[in-house]
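The structure under discussion appears below in the form of structure tokens.
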Amino acid sequence: MKKLLISTMLAASLFAEMNDDPLRATLLADRLEWQATDGDPVAWDVAAYAGYDIDKIYFYSEGAVQSDETESENELLYSRAVTPFWDLQGGLEMDTAGSERKVWGVLAIQGLAPYFIDTRIRLKISDEAVGVNFDFEYEALLTQRLILTPRIEMEAYSDDVPALGIGSGFSLLAMGLRLRYEFVREFAPYVGVEYLNGFGDTKKVYGMKEDTRFVAGVRFWF
Amino acid sequence: MSKMTRRTFLQSAAVATLLYGVSPTRSLADGGENDGIGATTGSPSILKGNTFHLTIDRTVVNITGKPAIATTVNGTMPGPTLVWREGEEVTIHVTNRLPVSTSIHWHGIILPPEMDGVPDISFDGIAPGETFTYCFKVKQHGTYWYHSHSGFQEQTGLHGALVILPRNPGDEPFEYDRDYVIALSDWSDEKPESIYRKLKIQSDYYNFNQRTVGDFFHEVAEKGFVEAFKARKMWNEMRMSDRDLSDVTAYTYTFLMNGRTDAQDWHALFRPGEKVRLRFINQSAMTIFDVRIPGLKMRVVAADGNPVQPVDVEEFRIAVAESYDVIVEPEEGSYCLFAQSIDRSGFVGGTLSSRNGVRAKRPPMEKPQSLTMADMGMGGWRSTGGMSHETMKMDHGKMKMDMPHKTPWPVTPLPMRKGVAWTMTAMDPRYRLDDPGVGLRHNGRRVLTYADLRNYRSTADDPKPDREIVLHLTGNMERYIWAINGIKYADAQPLRFHYGERLRITFINDTMMPHPMHLHGMWSDLETGDDTRLVRKHTVLVQPGAKISYRVTVDARGSWAYHCHMLYHMLGMFRKVEVV
Ligand SMILES: [Cu+2]
């Protein structure tokens, strides 16, 4: 019985006949880094999915821990491939700032734009405000393993979200430049710089400062 | 000696070579050298006769210095070379000692559908512990091979050569003194499931020949920013890479010749003045090889087992599942049998020598070429501007190629799905039979192309097609999805062929990858521009962005498999054919 069970499992998982689209799961820590600025924050940007060619469940988490303060944006979405290069996504997002929490409904498109620009555009909707977030990343190969990644992220909101320290209008600009070395595809340490700036009330009322910081971290997936 | 006696002598010498071998590094009697861990990685053993017992099992091998598990036939990888004779009936008992279902498909062999060995199409597969008996009459001769059609077993070693002797010695239209099988394959210590998963997560995982910033600046320095930018524009807009030559590379593969690595140097002997027949078979899962023997001219005498009008070349490309028989006449010395992968990530060499114990010097591996606009389906391949030169041989016009706009036969419409599995459409796909393909263009050597292949016998009286079907080879390299007409096998209806009809099949390759397409059970008579010499193949390489056509006499009832022979493409790029 045990033998039968094992062989059935093996047959299903390893030698399944003509299954072009097996269930798979992966986690990518695109950024896991120490930032050289007040409070020595550690920042992360992680994406994980489980699913198939067309349908996937995605989990995204982005944030930073600084002294005893944690800020994060966490999304759980259903993702569907709708065109050769684009996925349409929908689900929930929970943002945290210290002990504050805020839940949003999220609609997003994610994919590869012409000129190989990794793109994610997100619409966040709550009772308080509507927000948009643009995230673009490009990989420039200096060599086959040494890769320079410019990244730009922008955010804007219809109204103030005091719990998260966000003001209405164009609220955030983040630009990063990271240089990583892929020892293997799955593991690449990097160094870089990150420029951050807040605008409008985000800056005036909630005190987000302009800052350029050195970063060092590691990108990995499995 | 009279011609006839000499011929008889040569034939028996050839068989003797085949059976007992003369290579100093192999001992065919006991199935080759043992690597000490379990399985044989030396030359495959040779089994001859009408009845065979094959046992499929898992065996530990050591190819790279690390033990790994291979799927073996009678304990060896590749499996034994089977020698059959045309006209005889063969019985093969295949016993499965794996914990999973298995199968053996006789590649290129014309046989009843239930003997073809494709699970879910021909039969149920061979369950663990069971023995399946294949039994059929051998209707052909030449060089073929066999492999598993279950899961990814082919990648882990379940493949071997088939040599079919002609009914009467002397039936083949060429002579030779010695006969060697040269089976090329790709081995990975990684589990195939893991390779496939990685390709799904990051399709360029194994590609370490990508375009760099430096390459771009190099182009800028050469022709200025605007021109360099323009040259990249199309690729960038389509989100495609001109370095997308091979999905799986030597980063994980070790290339093998008759089961031996380059360091283990598969070795074959000859006596100066002898004619040596080399039966090249590409038994790889994913690797297209470019083969040459520096210093030797090769006379190609058969393609996919079928005799062709002899053509002398210095190099040929052999796609996955193809076979080419060549005859060489080496003089005293040692020659390298050199097979480099299409993407130039690696190679395997062997030695053909008149002396024992000499390792032939390997030529340097060449630099990879980039794909061109032609490979993207944007027109002709000759840079010297020949829109009209697309099919050189045809223009020279011994016989006119039937161009689609004046096709005298109806084209049967098939379902298509423009969607996630269809990223690129070749805007202007061309017949590029005289194009040796990326990596072999303008290299100064005489390279075999499909335009050189002409059937040995006349095909002038073969029937004309009754109808045509057009199949688009489609894919999404970004997501690693492969399909035909944008529809994956899992979602596809079977193709319907009518018993007795003569069908023309046209492939349009809407991807940037070459796909060796293989139809089971029936021959593919490739149109090379000369209808009197249609070359007969079982596997046809469709170049990226290109179009190619062949004719099929539908003379076998039943269900058959039709697919791309790249193992990791096959899962989606597959159709069941029903002959009704
Ligand atoms: Cu393919």
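The values are calculated or read from the model by the stated rules, or taken from the named source; none is laboratory data. Every value quoted in this text rests on a predicted model; they were computed, and no experiment measured them. For neighbour counting, all protein chains shown are included, and Cβ atoms are generated from backbone atoms with ideal geometry for every residue, glycine included. The accessibility values were calculated without ligands, DNA or RNA, using every heavy atom of the protein model including side chains. Shrake-Rupley method; radii C 1.70, N 1.55, O 1.52, S 1.80 Å.
Below are the figures for this structure:
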{"item": "FRET efficiency estimate (nearest 0.05) - Cβ-Cβ, A:LEU142 to A:VAL103, R0 35 angstrom", "result": "0.25"}
{"item": "Rounded accessible area per residue of the protein assembly as shown, 1.4 Å, Å²", "result": "38 Å²"}
{"item": "Sites B:ASN236 and A:ILE125 - FRET efficiency at Förster radius 51 Å, r taken between beta-carbons, to 0.05", "result": "0.90"}
{"item": "Table column - 3J(HN,Hα) (Hz), the range B:217-234, Karplus curve with 6.51, -1.76, 1.60, x for Gly and Pro", "result": "5, 4, 5, 4, 4, 6, 10, x, 4, 4, 5, 5, 5, 4, 4, 8, 3, 4"}
{"item": "Net charge dipole size for the range A:137-222 [Lys, Arg +1 and Asp, Glu -1 on Cβ; Debye, nearest 20]", "result": "380 debye"}
{"item": "Burial of 30 Å² or greater, the range B:149-167 residues [accessible area, probe 1.4 Å, versus chain by itself]", "result": "B:GLY151"}
{"item": "Degrees between helix A:2-13 axis and first principal axis of chain A (Cα, 0 to 90, nearest 10)", "result": "60 degrees"}
{"item": "For the protein assembly as shown, convex hull of alpha carbons as volume per residue, Å³", "result": "185 Å³"}
{"item": "Chain B: equivalent-ellipsoid semi-axes (sqrt of 5 x gyration tensor eigenvalues, Cα, Å)", "result": "34, 28, 26"}
{"item": "Stretchable slack from B:GLU130 to B:ASP215, in nm (0.36 nm times residue separation minus alpha-carbon distance)", "result": "25.0 nm"}
{"item": "Radius 10 Å from Cβ of B:VAL313, net charge of other residues (Lys, Arg +1; Asp, Glu -1)", "result": "+1"}
{"item": "Other-chain or far-sequence residues with amide H under 5 Å of B:GLU154's (modelled H)", "result": "B:SER148"}
{"item": "Interface size B-A, as summed buried accessible area [1.4 Å probe, Å², nearest 100]", "result": "4000 Å²"}
{"item": "Equivalent ellipsoid, the range B:211-292 (semi-axes from 5 times Cα gyration tensor eigenvalues, Å)", "result": "42, 16, 12"}
{"item": "Solvent-accessible surface ranking, highest first, for B:GLU315, B:GLU193, B:GLU130 at 1.4 angstrom", "result": "B:GLU130, B:GLU193, B:GLU315"}
{"item": "With every protein chain in place, the range B:441-501: carbon and sulfur % of accessible area (1.4 Å)", "result": "48 percent"}
{"item": "Given B:LYS48/B:LYS139; B:LYS48/B:LYS537; B:LYS48/B:LYS137; B:LYS191/B:LYS576; B:LYS275/B:LYS297, the pairs whose alpha carbons are separated by over 22 Å", "result": "B:LYS48/B:LYS537; B:LYS191/B:LYS576"}
{"item": "Heavy-atom accessible surface of the range A:15-132: percent carbon and sulfur, 1.4 Å", "result": "64 percent"}
{"item": "Longest site-free stretch - chain A; sites: trypsin sites (Lys or Arg not before Pro), DSSP loop, at most 15 other Cβ within 10 Å", "result": "A:1-144"}
{"item": "Label zone at A:TYR115, where the point sits 7 Å out along the Cα-to-Cβ direction: the range A:142-177 residues whose backbone N lies under 14 Å", "result": "A:150-152"}
{"item": "Cα principal axis extents for the range B:245-371, largest first, Å", "result": "41, 35, 24"}
{"item": "Taking the convex hull of Cα positions in the range A:119-180, its mean projected area over all directions (nm²)", "result": "4.7 nm²"}
{"item": "Range of Cα positions in the range B:438-580 per principal axis (Å), largest first", "result": "48, 44, 20"}
{"item": "Cα-projected label distance for B:HIS442 with B:HIS53, points at 7 Å along beta-carbon direction, nm", "result": "6.0 nm"}
{"item": "Two-site FRET efficiency, B:LYS66 against A:PHE222, from Cβ-Cβ distance with R₀ of 30 Å, rounded to 0.05", "result": "0.90"}
{"item": "Too-long pairs where the Cα-Cα distance tops 19 Å, listed order kept, from A:LYS102/A:LYS124; B:LYS233/B:LYS488; A:LYS124/B:LYS200; B:LYS464/B:LYS488", "result": "B:LYS233/B:LYS488; A:LYS124/B:LYS200; B:LYS464/B:LYS488"}
{"item": "Ranked order, B:MET427, B:MET115 - accessible area, probe 1.4 Å, largest first", "result": "B:MET427, B:MET115"}
{"item": "B:MET427-B:ARG355 pseudo-label distance in nm [points 7 Å out on the Cα-to-Cβ vector]", "result": "5.9 nm"}
{"item": "Those aspartates and glutamates that a straight Cα-Cα span of less than 14 Å connects to B:LYS198, excepting residues fewer than 8 apart in one chain", "result": "A:ASP20, A:ASP21, A:ASP53, A:GLU186, B:GLU190, B:ASP247, B:GLU478"}
{"item": "Rg over Rh [alpha-carbon atoms, Kirkwood Rh] for chain A", "result": "1.03"}
{"item": "Spacing of the two label points (7 Å from each Cα toward its C-beta) at B:PHE225 and A:ALA163, in nm", "result": "4.8 nm"}
{"item": "Ranked by how many other beta carbons lie within 10 Å on average, peptides B:429-441, B:195-207 from highest", "result": "B:429-441, B:195-207"}
{"item": "Interface residues in the range A:18-46 - accessible area drops by 30 Å² or more relative to the isolated chain, probe 1.4 Å", "result": "A:MET18, A:ASP20, A:ARG24"}
